[in-house]
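Reviewing the structure listed below.
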Amino acid sequence: MAGILFIISAPSGSGKSTLVSELRKQVSGVDFAISWTTRAPRGSEENGREYNFTTREEFERMIAADVFLEHAEVFGQFYGTARQSLSEARSAGHDLLLDIDVQGAAQVRSKMPEAVSIFVLPPNPKVLRTRLRNRSRAEGVVNEAELYRRLSEASQEIENYRQYGYILVNDILDRAVAQLEAIVLAERFYRNGEAIAYRSRRVLEVAAACLQHNSQDRLKPVLEAFGIDGTSGQQQLPFGDDPDDD
Ligand code: ADP
Ligand code: 5GP
């Protein structure tokens with residue numbers, strides 16, 4: 001494709017959608033692939049805006065018709081990216097951003113190894129729990145079972161961070177947005193020779209610091225907090241009940 005394919009993955013509630021929406025306000029020429037899903041709309045979500053909502057039967061028909069570039073079952077629901085998103089971005093000459101889970105990311109990477117992949121981490125489990133809970137409250141539905149499910153799968157998802165080129169720790173939002181923007185601009189600079197003006201040096205430095213192999217210092221405390229052994233990638237401790245939890 002003419003543009004760059006960016007894949008962004010994160011445990012649910014890490015702030016991926018927030019980062020993507022902030023990025024799109026700052027950087028033009030990035031299309032967002034609206035995924036298909038069988039899950040029900042949440043809060044103020046609208047069909048065709050956050051997701052294309054559909055039934056399981058229809059989704060299965062779409063799989064059979066080879067509509068999807070990738071698809072996966074996440075938290076008991078189907079999610080998939082239509083090939084059409086890619087062809088539309090390609091004809092517009094735009095970059096394309098996929099917000100997909102670790103299984104979908106692996107499928108895309110094997111088909112399109114040139115894709116740029118970014119893994120977003122919350123700073124620690126407690127912050128993740130608070131974000132998930134706040135989001136549910138804001139949407140007017142706190143489903144404890146769903147919340148617990150998403151939390152308990154976070155560590156497993158985080159173990160896949162090694163498959164990603166860039167790492168973002170979404171602690172302070174403004175900083176994480178600036179880092180995401182720097183990654184997009186740096187990749188455009190390196191791949192397309194696109195000028196990034198007077199900020200170029202700083203942008204390239206910020207992006208380089210987010211490369212996975214330069215992220216060990218930022219990664220270590222996060223992996224420890226999630227009970228993941230940074231050397232083996234194995235999870236050591238499951239989520240415990242936190243007496244300080246809100
Ligand atoms: P995801 O798309 O990864 O599931 P969301 O973008 O929906 O996560 O974010 C989950 C919740 O956390 C939302 O209520 C959002 O406003 C909040 N949030 C996201 N990033 C931050 C941040 N850096 N600091 C505080 N709250 C955040
Ligand atoms: P949510 O239900 O919170 O919107 O998303 C749950 C998970 O599904 C997130 O990890 C999100 O990245 C992932 N997801 C969203 N769309 C897709 C998609 O098209 N394909 C895949 N594989 N995962 C997706």
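The values are calculated or read from the model by the stated rules, or taken from the named source; none is laboratory data. This is a predicted model, so every value here is computed, not measured. Heads up, the Cβs are rebuilt from the backbone with ideal geometry, glycines too, and the neighbour counts pull from every protein chain shown. We work out accessible area using only protein heavy atoms, side chains counted, and drop any ligands, DNA or RNA first. Shrake-Rupley method; radii C 1.70, N 1.55, O 1.52, S 1.80 Å.
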Exercise for the section: Apply the Karplus parameterisation 6.51 cos²θ - 1.76 cosθ + 1.60, with θ equal to phi minus 60°, to every residue of segment 201-212 and state each ³J(HN,Hα) to the nearest whole Hz, in sequence, with x for glycine and proline. Expected result: 5, 5, 4, 5, 5, 4, 5, 4, 5, 8, 4, 3
Completion exercise
Here segment 47-54 yields Karplus 3J(HN,Hα) values (6.51, -1.76, 1.60; θ = phi - 60°; whole Hz; Gly and Pro given as x) of 4, x, 9, 6, 9, 9, 8, 8
Practice task
Note down the accessible area of Asp95, probe 1.4 Å, to the nearest 10 Å².
Solution key: 10 Å²
Exercise for the section: Would you mind checking which residues have amide H under 5 Å from Leu69's amide H? H placed 1.01 Å from N; only 5 or more apart, or other chain. Expected result: Thr81, Ala82, Arg83
Practice task
Please compute the net charge surrounding Val27, taking Lys and Arg as +1 and Asp and Glu as -1 over other residues with Cβ under 12 Å from its Cβ.
Solution key: -3
Practice task
Any chance you could count the Lys pairs in the chain whose alpha carbons are under 23 Å apart, treating pairs 8 or more apart or on different chains as valid?
Solution key: 4
Fill in the blank from the handout: With Cα springs under 10 Å, the Gaussian network model of the chain assigns the largest mean-square fluctuation among Gln107, Gln77, Gln156 to Gln77
Fill in the blank from the handout: The answer for Leu121, listing residues at least 5 apart or on another chain whose modeled amide H is closer than 5 Å to its amide H, is Leu168, Val169, Asn170
Handout entry: Excluding exposed DSSP-loop GluC sites (Glu not before Pro) (at most 15 other C-beta within 10 Å), longest clean stretch of the chain
Key = 47-113
Exercise for the section: Considering only Ile172, Ile228, Ile158, give the residue with the highest GNM mean-square fluctuation for the chain, with springs between Cα atoms whenever their separation is below 10 Å. Expected result: Ile172
Completion exercise
Scalar couplings 3J(HN,Hα) for segment 74-85 by Karplus 6.51 cos²θ - 1.76 cosθ + 1.60 (θ = phi - 60°), nearest whole Hz, x for Gly and Pro, are 10, 6, x, 10, 8, 9, x, 9, 6, 4, 4, 4
Practice task
Select from Gln26, Gln84, Gln212 the residue whose mean-square fluctuation is largest in a Gaussian network model of the chain (Cα-Cα springs shorter than 10 Å).
Solution key: Gln26
Fill in the blank from the handout: At q = 0.09, 0.13, 0.18, 0.19 1/Å the base-10 log of I(q)/I(0) from the Debye formula over the alpha-carbon atoms of segment 1-120 is -0.22, -0.48, -0.98, -1.10
Fill in the blank from the handout: Relative contact order of the chain (C-alpha contacts under 8 Å, at least 6 apart) in percent is 24 percent
Practice task
Could you pull out every residue, at least 5 positions away or on a different chain, whose amide H is within less than 5 Å of the one on His94? Hs are placed 1.01 Å off N in the peptide plane, and Pro or chain starts have none.
Solution key: Gly3
Handout entry: the chain: C-alpha pair distances exceeding 21 Å, %
Key = 59 percent
